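Chemist: One structure, as structure tokens, below. Some questions next.
The values are calculated or read from the model by the stated rules, or taken from the named source; none is laboratory data. None of these values were measured; they are calculated from a predicted model. Note: ideal-geometry Cβ built from the backbone for every residue, glycine included; neighbour counts use all protein chains shown. Just the protein is used for accessible areas: all its heavy atoms, side chains included, with ligands, DNA and RNA removed. Shrake-Rupley method; radii C 1.70, N 1.55, O 1.52, S 1.80 Å.
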Amino acid sequence: MSTLAHWCFRRRFAVAGGWIVALVALAAVALAGGTAFTDSADLPDSESATAYALLAESTGQAGADTESGTVVWHTGGTAVDAANVKKDVAGMLARIEALPGVQGVVSPYDKAGSGQLSTATNTAYARVTLAADADTAAVTAAALAYDSADFDVEVGGQAFTEQPGASHGTEAVGIVAALVILVWMFRSGWAAALPILTGVVGVAASLLLVMIASHAVDLAATSLTMGALIGLGVGIDYALFIVNRHRQGLLAGRSVRDSIAAALDTSGRAVVFAGATVIVALLGMFVVQLGILTGMARAAAVTVLFTILAAITLLPALLGMLGHRVLSRRQRAALTAGAHPIASHRPSLSYRWAGLIDRAPWRSATAALLVIAVLAAPVTMMRVGDADATSDPAGTPARAYHDLMAPAFGDGFDASLLLVAEVPDPAAATAFTALTKTLATVPGVAAVAPAGKTVLTVIPRTSAQTEETADLVHRLRDEVIPAAQTGTDLRVYVGGTTATSIDMSDALMGRLPLYLGLIALLGFLLLAVAFRSILVPLVGALSNLATIMVGLGAVTAIFQFGWGSELLGVGSGAPIMYLIPVLVVGVVFGLSMDYQVFLVSRMHEEWTHTRDNRRAIRVGLTETSQVIAAAATIMLCVFASFGFSGERIVSGIGIGLGIAVLIDAFIVRLTLIPALMRVIGRANWSYPRWADRVTPRVSIEGPAEPATEQPATAGVR
């Protein structure tokens with residue numbers, strides 16, 4: 001790494017210019033080609049996928065080609081079936097049907113739409129079928145143009161559901177907060193700006209590449225948000241660790257060039273190792289085998305890769321340009337005067353905290369474990385599924401649509417199930433007819449209607465996000481349908497949007513234990529290679545899982561229980577979207593590994609020099625706690641800023657990651673880990689000889705530095 005640092009220092013203007021040229025070129029290509037993001041998701045091998053395939057085969061209704069939406073209206077003092085209302089509605093529907101991409105409209109005043117009218121509540125709706133690429137905004141505008149005080153109109157359904165896309169600038173709040181923290185930490189505007197600038201450049205370049213790649217790889221629009229969320233967090237942190245080490249080198253009397261080389265050869269190595277673990281954890285999401293999720297993982301992995309490249313190339317070049325300006329004026333003046341700006345023996349807060357852990361390791365570990373247990377407890381009640389409009393904030397279009405439809409057509413009006421049948425012979429046809437009659441008597445079913453010769457629409461009594469609706473789907477599959485099929489060749493499959501969501505949630509949660517086990521094993525092996533120890537990697541892997549449980553517990557408490565979700569602008573409590581747990585698991589694992597590597601690598605470095613476990617823990621904790629705390633606070637600000645995006649998925653991921661990072665840094669890394677290592681003693685660094693012979697040698701700390709160049713240990717006994 002020192003060779004790379006010297007090269008970037010010598011060619012610092014060329015390196016910076018190269019990044020600028022790369023950004024401009026990527027921006028030009030991205031703007032010229034646009035994007036080709038897709039919101040479609042490959043369904044796992046499930047019953048709902050079979051139902052859709054059979055439906056497409058038998059009726060030619062390929063779900064990916066069309067979307068269905070609803071235009072609903074409510075008349076105040078006038079009957080909904082009055083002549084003047086019918087006339088106005090006919091004009092509205094004709095205007096909608098004439099729009100490009102609209103393939104059909106079913107009016108409640110026609111025979112085909114007779115079930116779409118409720119005279120008791122003066123409410124009716126029309127079904128609108130649109131091509132997948134239709135301009136839904138134009139349809140919405142055409143419908144809402146008829147909205148008035150006496151004629152309330154709303155649109156809803158799949159076609160009019162706004163998919164979460166790129167963030168809307170909330171990350172700027174996090175960046176500003178990060179800048180404030182860095183200025184307070186470094187007392188230098190240049191030093192504070194460097195991590196921000198490096199992180200933003202790395203993220204910008206990667207997101208432009210993701211936009212270009214969307215033409216070749218299936219990626220959801222949320223990939224940009226995920227990339228920005230993760231990339232900004234880790235990118236700023238990585239640059240922060242290197243800048244902090246460089247400043248220490250300058251304050252110890254090194255030249256700018258040698259200090260950059262030393263920083264890259266120590267913290268730079270740790271950045272590469274830690275970043276690689278984040279990338280591996282993200283790519284590990286492929287085990288869940290869901291296209292939309294693996295697409296996000298690929299985009300986030302590319303973003304992390306670019307932030308690493310920026311930290312080890314652009315950052316050294318910028319440090320070379322700035323020279324001693326990364327120090328505060330007071331520090332520069334002290335250096336000029338020949339004084340030693342950091343030769344202070346006054347105990348720092350970090351030193352006092354390390355001493356407290358050293359004196360009371362059992363009490364510290366117990367207190368940390370108690371905090372973790374309390375915060376992680378809600379995860380035992382986590383329920384995965386899709387949130388529906390009942391949990392949307394009051395006043396939003398989706399909530400207004402639901403509030404018009406539900407009183408007239410029941411809570412389950414938008415949670416319909418499609419039962420698609422294979423009917424190969426008369427006996428099967430008879431059984432299918434009997435099933436149709438039986439379904440109307442099943443608890444939880446509000447209505448049953450034919451949607452074709454071998455297709456039935458079943459309307460639940462409850463909304464899509466409720467446990468009762470999920471129970472109904474399982475009851476149909478496990479009890480009602482098997483009983484109807486007995487003794488015949490009839491085969492009936494339950495599909496529809498609600499059933500699909502249940503299947504995807506079940507599939508992902510079924511693979512989540514495998515994913516957790518995989519990354520726990522990965523974390524153990526990576527730390528074993530890095531530190532040639534058994535107990536340190538074991539404690540690290542288990543503590544990573546504890547942090548993951550805290551993140552998921554926080555998501556459950558806030559977004560499922562609803563403890564503060566309305567303050568975030570995402571509405572009331574609802575099931576946790578199936579994407580959130582897997583993304584939180586992968587990202588939190590990578591970030592936990594980051595802090596574990598930065599903390600333990602300094603301890604291991606001191607252990608290598610002194611073979612004194614107690615001193616190694618105190619020195620490592622003293623010298624890294626401030627920068628870890630600052631890095632975690634910065635990442636909390638960045639992640640929390642996404643929590644106020646107003647999009648439930650993005651908000652859930654941002655808040656979950658923010659709380660997990662906060663607890664991981666202050667409770668797990670700076671309290672629990674050193675306390676447990678203090679209790680374990682010298683056995684921390686024990687490693688079997690046979691394992692030592694077969695384990696590859698990887699140096700994270702780089703070459704040893706003289707003790708005089710580690711002034712932060714002043715006062716450590």
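Chemist: Which residues, counting only those in segment 414-444, are surrounded by 14 or more Cβ atoms within 10 Å (Cβ to Cβ), in a loop (DSSP other than H, G, I, E, B) and in contact (Cβ under 8 Å) with a residue 40 or more places away in the chain?
Modeler: Of everything in segment 414-444, those that are surrounded by 14 or more Cβ atoms within 10 Å (Cβ to Cβ), in a loop (DSSP other than H, G, I, E, B) and in contact (Cβ under 8 Å) with a residue 40 or more places away in the chain turn out to be ASP414, ALA415, SER416, VAL423.
Chemist: Let me ask another. Out of the residues in segment 305-336 that are under 15 Å from ALA239 (Cβ atoms) and polar (S, T, N, Q), which is surrounded by the most Cβ atoms within 10 Å (Cβ to Cβ)?
Modeler: In this case the residue turns out to be THR307.
Chemist: Test ALA216 against the stated conditions and say whether it is of a type outside the set (Asp, Glu), free of Cβ contacts under 8 Å to residues at least 24 places away in the same chain and closer than 18 Å to MET321 by Cβ.
Modeler: no
Chemist: A further question follows. Please go through segment 649-694 and give me each residue that is basic (Lys, Arg) and crowded, with 24+ Cβ neighbours inside 10 Å, ordered by number.
Modeler: The answer is ARG669, and nothing else.
Chemist: For segment 595-628, enumerate the residues that are surrounded by fewer than 22 Cβ atoms within 10 Å (Cβ to Cβ), of a type in the set (Ser, Thr, Tyr) and either touching a Cys at 6+ places or on another chain (Cβ under 9 Å) or more than 17 Å from ASP265 (Cβ to Cβ) (or both).
Modeler: Matches in segment 595-628: THR610 only.
Chemist: Follow-up question, since we're still on this one. Test ALA276 against the stated conditions and say whether it is part of a helix (DSSP H, G or I), of a type outside the set (Val, Ile, Thr) and without any contact (Cβ under 8 Å) to a residue 40 or more places away in the chain.
Modeler: For ALA276, the condition - part of a helix (DSSP H, G or I), of a type outside the set (Val, Ile, Thr) and without any contact (Cβ under 8 Å) to a residue 40 or more places away in the chain - is met.
Chemist: Check SER267, SER255 and return the single one that is under 33 Å from the mean Cα position of the chain (by Cα) and polar (S, T, N, Q). Working first, answer last.
Modeler: On the way: SER255 fails: under 33 Å from the mean Cα position of the chain (by Cα).
Residue meeting the stated conditions: SER267.
Chemist: Please determine, by comparing only the residues of segment 695-714 that are at pLDDT below 60 and in contact with a helix residue (DSSP H, G or I) (Cβ under 6 Å, 6 or more places away or on another chain), which one is surrounded by the fewest Cβ atoms within 10 Å (Cβ to Cβ).
Modeler: Per the stated criteria, the residue is THR713.
Chemist: State yes or no: is VAL539 open to solvent by less than 20 Å² (accessible area, probe 1.4 Å), part of a helix (DSSP H, G or I) and out of contact with any strand residue (DSSP E or B) (no Cβ under 6 Å at 6 or more places or on another chain)?
Modeler: Against the criterion (open to solvent by less than 20 Å² (accessible area, probe 1.4 Å), part of a helix (DSSP H, G or I) and out of contact with any strand residue (DSSP E or B) (no Cβ under 6 Å at 6 or more places or on another chain)), VAL539 does not qualify.
Chemist: Please work out which residue is surrounded by the fewest Cβ atoms within 10 Å (Cβ to Cβ), limiting yourself to segment 127-152 and to residues that are part of a strand (DSSP E or B) and among the hydrophobic types (A, V, I, L, M, F, W, C).
Modeler: ALA131
Chemist: Return the residue satisfying two criteria in turn: it lies in segment 1-47 and is modelled with pLDDT under 85 and small (Gly, Ala, Ser), and of such residues it is nearest to LEU264 (Cα to Cα).
Modeler: The residue in question is SER2.
Chemist: Output the strands (runs of 3 or more DSSP E) that fall wholly within segment 445-512 and possess 1 or more residues being open to solvent by less than 50 Å² (accessible area, probe 1.4 Å) and small (Gly, Ala, Ser), or say none.
Modeler: 445-452, 491-495
Chemist: Before we move on, is THR140 β-branched (Val, Ile, Thr), under 33 Å from the mean Cα position of the chain (by Cα), modelled with pLDDT under 90 and over 23 Å from PRO450 (Cα atoms)? Before you say what the answer is, go through the steps one by one.
Modeler: Working: β-branched (Val, Ile, Thr): yes; under 33 Å from the mean Cα position of the chain (by Cα): yes; modelled with pLDDT under 90: no; over 23 Å from PRO450 (Cα atoms): yes.
Considered against the rule, which asks whether it is β-branched (Val, Ile, Thr), under 33 Å from the mean Cα position of the chain (by Cα), modelled with pLDDT under 90 and over 23 Å from PRO450 (Cα atoms), THR140 comes out as no.
Chemist: Test ALA270 against the criterion of being aliphatic (A, V, I, L, M), closer than 22 Å to LEU527 by Cα and assigned to a helix (DSSP H, G or I), and give yes or no.
Modeler: Against the criterion (aliphatic (A, V, I, L, M), closer than 22 Å to LEU527 by Cα and assigned to a helix (DSSP H, G or I)), ALA270 qualifies.
Chemist: Restricting attention to segment 70-126, and to residues there that are open to solvent by less than 50 Å² (accessible area, probe 1.4 Å), part of a loop (DSSP other than H, G, I, E, B) and without any contact (Cβ under 8 Å) to a residue 24 or more places away in the chain, which single residue is farthest from ALA400 (Cα to Cα)?
Modeler: ALA82
Chemist: Here's a follow-up. Just one of (1) of a type outside the set (Lys, Arg); (2) crowded, with 24+ Cβ neighbours inside 10 Å; (3) in a helix (DSSP H, G or I) trips up ALA557, so point out which.
Modeler: With respect to (1) of a type outside the set (Lys, Arg); (2) crowded, with 24+ Cβ neighbours inside 10 Å; (3) in a helix (DSSP H, G or I), ALA557 is out only on (2).
Chemist: Scan segment 57-72 for residues that are under 33 Å from the mean Cα position of the chain (by Cα), small (Gly, Ala, Ser) and at pLDDT 60 or above and report the count.
Modeler: Number of matching residues: 2.
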